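The values are calculated or read from the model by the stated rules, or taken from the named source; none is laboratory data. Note that the structure is predicted; figures quoted are calculated from it, not measured. Backbone-built Cβ (ideal geometry, glycine too); neighbour counts: all protein chains shown. In case anyone asks, the SASA skips ligands and DNA or RNA and just uses the protein heavy atoms, side chains included. Shrake-Rupley method; radii C 1.70, N 1.55, O 1.52, S 1.80 Å.
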Amino acid sequence: MVCREVHVAVGVIIREGRVLIARRPDHAHQGGLLEFPGGKVEAGETVQQALVREIHEETGLQVPMSSLRPVIGIRHDYGDKRVFLDVWRTDDATGDAVGREGQPVQWLPLSALHDGDFPAANRPIIRALRLPSWLAITGDYRTSADLVNQFEERVNLARPALVVLRAPGLKFAEYQAVARDLVMIGRDRGTGVLLHGGGERLDAVPEAAGLHLPWRAAQTCHARPVPDGKWLGVSCHNAAEIDHARALNADYVTLGPVAPTPTHPGAEVMGWEAFRQQVAAAAMPVYGLGGLTPADRDAAIGNGGQGVAGIGLWWPGV
């Protein structure tokens with residue numbers, strides 16, 4: 001018997017840096033776990049209309065429909081139930097939140113959202129909320145010292161939340177030394193550094209924020225190569241590679257090239273429609289990569305992505 005997919009509207013309501021969370025009734029599906037407010041999209045409703053209705057019915061809050069912004073879409077099969085979580089965010093809900101259906105509600109900081117407290121399908125939502133809407137990648141450099149200097153200069157200007165240290169010209173020991181310098185610089189400025197390469201790089205610099213696997217490294221992995229509490233990203237180019245990243249329990253993937261790039265002028269590009277289709281099946285945050293600018297961030301998000309990633313977003317000479 002094939003289960004019908006249930007379309008569920010999910011609301012991420014932010015107020016003063018905190019998220020409104022409810023606890024599911026013990027007798028309900030996945031009872032006792034935490035959840036974001038929301039409910040089924042009824043026939044004839046848009047997801048935005050469903051959210052405005054459900055949030056008011058459940059919490060008493062009023063949500064301006066125009067304030068809702070897409071976060072992520074997640075398809076999940078629980079075995080006894082298939083759901084499509086259509087997740088939207090607002091920072092403009094008004095009123096005092098109460099559990100109008102008897103459910104406890106509370107405002108929690110993002111740092112207090114833990115995977116084990118939520119149904120499995122909700123966990124990518126936590127990733128999407130914690131990840132930035134743009135992912136910086138280091139670009140060309142002359143020497144390792146130049147790379148460190150450029151990083152410090154660009155971080156001071158752009159203040160990215162996360163940076164992938166991509167430096168294929170450095171030998172292992174050089175990369176390790178540069179990574180430690182960048183981690184220290186970033187720590188003082190609120191910027192996390194993700195190492196680029198295999199798991200041995202994070203073993204050598206465990207103070208880094210995490211690891212970004214190029215596909216050549218990801219395809220040889222059969223389990224998540226980083227500990228909990230560290231970010232894991234994977235460079236992907238198609239649906240099969242995204243499936244493998246999901247099997248590794250990656251926190252996000254980059255997907256591209258979406259548009260032509262100066263460094264690969266003849267490479268085949270996927271365009272936004274193919275990007276949208278692959279993101280719809282990804283069930284994790286996806287960054288558009290390849291030939292994109294900061295102006296493309298809204299297009300990436302509008303097509304279901306987390307945002308954009310790249311070198312030219314912030315690094316000089318690209």
Task: Residues of region 112-129 that turn out to be surrounded by fewer than 15 Cβ atoms within 10 Å (Cβ to Cβ) and outside any loop (DSSP other than H, G, I, E, B), as a count - done: 4
Task: Conditions (1) closer than 19 Å to ASN249 by Cβ; (2) open to solvent by 20 Å² or more (accessible area, probe 1.4 Å): number failed by GLU152 - done: (1)
Open item on the list: Given the options PRO160, PRO206, PRO132, name the one that is within 25 Å of GLY288 (Cβ to Cβ), at pLDDT 95 or above and surrounded by fewer than 17 Cβ atoms within 10 Å (Cβ to Cβ).
Closed with: PRO132
Task: Odd one out for MET284, checked against (1) more than 16 Å from the chain's Cα centre (by Cα); (2) part of a loop (DSSP other than H, G, I, E, B); (3) of a type in the set (A, V, I, L, M) - done: (1)
- [ ] Quick one: which residue in GLY317, GLY312 is touching an Asp or Glu at 6+ places or on another chain (Cβ under 6 Å), in a loop (DSSP other than H, G, I, E, B), in contact (Cβ under 8 Å) with a residue 40 or more places away in the chain and surrounded by fewer than 21 Cβ atoms within 10 Å (Cβ to Cβ)?
- [x] GLY317
- [ ] Can you confirm whether region 260-269 contains a residue that is at pLDDT 95 or above and either within 27 Å of ASP140 (Cβ to Cβ) or small (Gly, Ala, Ser) (or both)?
- [x] no
- [ ] From the list GLU35, GLU42, pick out the single residue that is acidic (Asp, Glu) and within 21 Å of ASP117 (Cβ to Cβ).
- [x] GLU35
Task: Selection count, region 245-262, where residues are in a loop (DSSP other than H, G, I, E, B) and under 18 Å from ILE74 (Cβ atoms) - done: 4
Task: Neighbours by Cβ (under 9 Å, 6+ apart or cross-chain): first from region 76-101, on the phi > 0 side of the Ramachandran plot; second assigned to a loop (DSSP other than H, G, I, E, B) - done: GLY79/CYS3; GLY95/GLY60; GLY95/LEU61
Task: Filter result for the condition that a residue is surrounded by fewer than 21 Cβ atoms within 10 Å (Cβ to Cβ) and either touching a residue at least 60 places away in the same chain (Cβ under 8 Å) or in contact with a Pro (Cβ under 7 Å, 6 or more places away or on another chain) (or both), over GLY169, GLY199, GLY190 - done: GLY199
